[in-house]
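Each remark here refers to the structure printed beneath this line.
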C-alpha cells in the first residue's frame with residue numbers, strides 16, 4: 001500500500017491520496033493515472049476521487065476512451081465500487097463509534113503466578 005500511495009503526488013491531500021491508493025490496489029496505478037488524465041480532459045478535478053476521477057474511471061471501460069488510454073481498458077466499475085464500499089464501511093464505523101458510550105474499564109483479575117496472556121484466554125476473565 002505504501003508503494004501504491006507513493007505513486008501519487010505528495011501534494012495531494014492525504015484523504016484524496018487514500019482513495020487513489022485504494023483504487024490503485026484494485027485496478028492498478030496505471031489505470032488510475034489514466035483516469036486522472038481523462039478527468040483533466042473532461043473538465044473534472046483530477047485531484048479528487050469522488051464525483052471526479054471516479055467518473056473518468058468509469059469511462060475507461062468504453063472503447064473510445066480505452067483506446068486512447070496509456071494502459072487501455074479497465075473495468076472501471078470494479079475500482080469505483082471497491083472504493084465506495086470502503087468509504088461506506090468507514091463512515092458506518094465512525095457513526096457507530098459515536099453511538100457507543102465508553103464503558104468504565106476495570107482491571108482483569110490476574111493471579112500473581114499467571115501471565116497476562118494466559119489470564120486473558122481464560123473464560124472467567126471475560127465475566
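The values are calculated or read from the model by the stated rules, or taken from the named source; none is laboratory data. Owing to the predicted nature of the structure, the values given are computational and were not obtained by experimental measurement. Cβ coordinates were reconstructed from backbone atoms using ideal geometry, including for glycine residues, and neighbour counts include every protein chain displayed.
Structure notes:
- The range 64-75, subset within 17 Å of residue 41 (Cα to Cα) and touching a helix residue (DSSP H, G or I) at 6+ places or on another chain (Cβ under 6 Å), residue surrounded by the fewest Cβ atoms within 10 Å (Cβ to Cβ): 70
- Looking only at the range 27-63, and only at residues there that are surrounded by fewer than 17 Cβ atoms within 10 Å (Cβ to Cβ) and within 18 Å of residue 90 (Cβ to Cβ), the one that is farthest from the chain's Cα centre (by Cα): 51
- Tally of residues being free of Cβ contacts under 8 Å to residues at least 60 places away in the same chain and assigned to a helix (DSSP H, G or I) across the range 2-43: 29
- If you go through the range 53-89 and pick out every residue that is assigned to a helix (DSSP H, G or I) and more than 12 Å from residue 19 (Cα to Cα), you end up with 13.
Table: residues versus (1) over 15 Å from residue 77 (Cα atoms); (2) modelled with pLDDT of 95 or more.
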position: 7; (1), (2): yes, no
position: 13; (1), (2): yes, no
position: 17; (1), (2): yes, no
position: 20; (1), (2): no, yes
position: 33; (1), (2): yes, yes
position: 36; (1), (2): yes, yes
position: 41; (1), (2): yes, yes
position: 46; (1), (2): yes, yes
position: 58; (1), (2): no, yes
